[in-house]
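K.L.:
Okay, here's the structure, questions in a sec.
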Amino acid sequence: MSENCLFCKIANGVIPSKKAYEDEEFFAFHDINPAAPVHLLLIPKRHIVSLQDIQQDDAPWLGRMMALAPRLAEENGCRPGPQGGFRVVANNGTDGGQEIAHLHFHIIGGPRPWDKR
Ligand code: 5GP
Ligand code: ZN
C-alpha cells in the first residue's frame, strides 16, 4: 500500500467505494463519475503507477487482470457477443490523461447511446 494513494485506500477499504469484485490480487469498483451505464475501475491491489512501470515478469498477473475485464463487464450489465461489448481503457501518465496514479482499467459499456469518451 502506498501512503497517499486514493486507490490503495479504496482497495483496503479505508475509503469506501461501491465494490464490484475482489480477490487476492485485484479489486474492482464503480467509477464515481460514470461515462456510461457501466463504468468500473479494475485495479491491482499491489501499488503500481501505470503501464509505464510494467516489466516483462509482470505479464502473468497483467494477463489475469485483462482476462477479468470481460467477466466483470458482463456481470455488471454489458451484453455479450458482437452486438454488446465494452471498452477497456488505461490512461498512463500525464500526457495519457491519467489522474489517479495507481494503475487502473476503465471498463466502460452498457446499451448505447452513451458518450464516446
Ligand atoms: P484516470 O483519469 O486516472 O484514468 O481515471 C480516474 C477515474 O477515477 C475517473 O474516472 C474518476 O471519476 C474516478 N475517481 C476519482 N476519484 C474517485 C473516488 O473517490 N471513487 C471512485 N469510485 N472513483 C473515483
Ligand atoms: Zn496505490
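K.L.:
Tally Lys and Arg at +1 and Asp and Glu at -1 over the other residues with C-beta under 15 Å from the C-beta of S2: what net charge comes out? Write out the running numbers ahead of the final one.
P.N.:
Values: positive: K9, K45, R46; negative: E3, D53.
Once positives and negatives cancel, what remains is +1.
K.L.:
So what J values fall out for the range 84-92 if you push phi through Karplus, 6.51 cos²θ - 1.76 cosθ + 1.60 with θ = phi - 60°, rounded to Hz, Gly and Pro as x?
P.N.:
x, x, 6, 10, 10, 10, 10, 8, 10
K.L.:
When the helices in the chain are scored as -39500 (n - 2.57) per DSSP H run of 4 or longer and the sum is shared across all residues, what 222 nm value do you end up with, to the nearest 500 deg cm²/dmol? Provide the component values of the computation, followed by the final result.
P.N.:
On the way: 2 runs with 23 residues, N = 117.
Result for the chain, helices only: -6000 deg cm²/dmol.
K.L.:
Right, next: How large is ³J(HN,Hα) for each residue in the range 13-27, as worked out from phi by the Karplus curve 6.51 cos²θ - 1.76 cosθ + 1.60 (θ = phi - 60°), to whole Hz, x for Gly and Pro?
P.N.:
x, 5, 10, x, 8, 8, 6, 10, 6, 7, 9, 5, 9, 10, 9
K.L.:
Which residue, V38, V14, V88, tops the fluctuation ranking in a GNM of the chain built on C-alpha contacts under 10 Å?
P.N.:
Fluctuation is largest for V14.
K.L.:
Right, another one. Given springs between every Cα pair under 10 Å in a Gaussian network model of the chain, which of L42, L68, L103 has the largest fluctuation?
P.N.:
L68
K.L.:
Now for a separate question. Looking only at the range 32-74, which residues have a backbone nitrogen under 15 Å from a spot 7 Å from the Cα of D95 in the C-beta direction?
P.N.:
Inside the label zone: 51-53.
Throughout, read-outs are computed from the coordinates displayed, never taken from laboratory work. Predicted, not measured: the structure shown is a model, and the values here were computed from it. FYI the Cβ positions are ideal-geometry reconstructions off the backbone, even for glycines, and counts take in every protein chain you see.
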